[in-house]
Amino acid sequence: MTIETFKEKAQAMRPMLMSTALRIVGDRTEAEDLVQDALLRLWQLRDEPIRNVEAMAKVVVRHLCYDQVRRRHEQIPLEEVDMMDAIPSEGLDDEGERMMAFVRQLPTLQQTVLRLRHEEEMEMKEIAELIGVTEVAVRQSLSRARRKILEQYGQLRMKSEQ
C-alpha cells in the first residue's frame with residue numbers, strides 16, 4: 001500500500017476510530033493519541049493481506065483503549081468484585097446496559113469476539129481471520145464470554161431477590 005492510499009484510508013476511518021476510542025476512554029486527547037497509535041500499527045501492517053482494513057482498525061483501536069483503561073485502574077480479580085457495586089446505579093435502568101457492564105468486565109479477547117460477532121455481525125470465520133486465531137478458538141472465546149455473562153447476570157438476580 002502506498003503512503004497516499006494509506007493517508008486516504010486513514011482520513012476516512014479517523015472519525016469512526018475517534019468515536020470508538022472516545023466512547024471507551026472518555027477523554028478526547030487520550031482518544032486522539034490512541035487513534036494515532038492504532039493508525040501507526042496499521043501502517044506497520046500495510047504489507048499484510050488484511051481483508052477488511054476498517055474492521056481491523058476498529059479492533060486495534062479497541063484493544064489499545066482497553067489496555068489504556070486497564071492501566072488507569074487497579075486490577076481486581078473478578079471473584080472479588082461485588083456485581084452490585086460494579087454497576088453504576090444511574091443510567092442503567094435498561095437491561096441491555098447492565099449486560100454491557102458485564103461485557104466490559106470480560107477479558108479483552110472475549111470482549112472483542114463478542115462484539116465482533118454481535119455488534120459487527122461478523123461470521124466466525126471472518127473473526128478468526130481478523131484476529132489471527134482458529135475458528136474453534138473464536139467459538140470457545142464466544143462461549144466462555146456468554147457463559148460468564150449469564151453467570152454474572154444470575155448472581156445479580158439472586159442478590160436482587162434477597
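The values are calculated or read from the model by the stated rules, or taken from the named source; none is laboratory data. This is a predicted model, so every value here is computed, not measured. Reconstructed Cβ throughout: ideal geometry from the backbone, glycine too, with neighbour counts over all protein chains shown.
Scanning region 123-143 for residues that are without any contact (Cβ under 8 Å) to a residue 12 or more places away in the chain and either outside the structural domain of Pro107 (by TED's automatic domain parsing) or not charged (D, E, K, R) (or both) gives Ala128, Gly132, Val133, Thr134, Val136, Ala137, Gln140, Ser143. Scanning region 128-158 for residues that are among the aliphatic types (A, V, I, L, M) and either assigned to a loop (DSSP other than H, G, I, E, B) or touching a Leu at 6+ places or on another chain (Cβ under 8 Å) (or both) returns Leu130, Ile131, Val133, Leu142, Ala145, Ile149.
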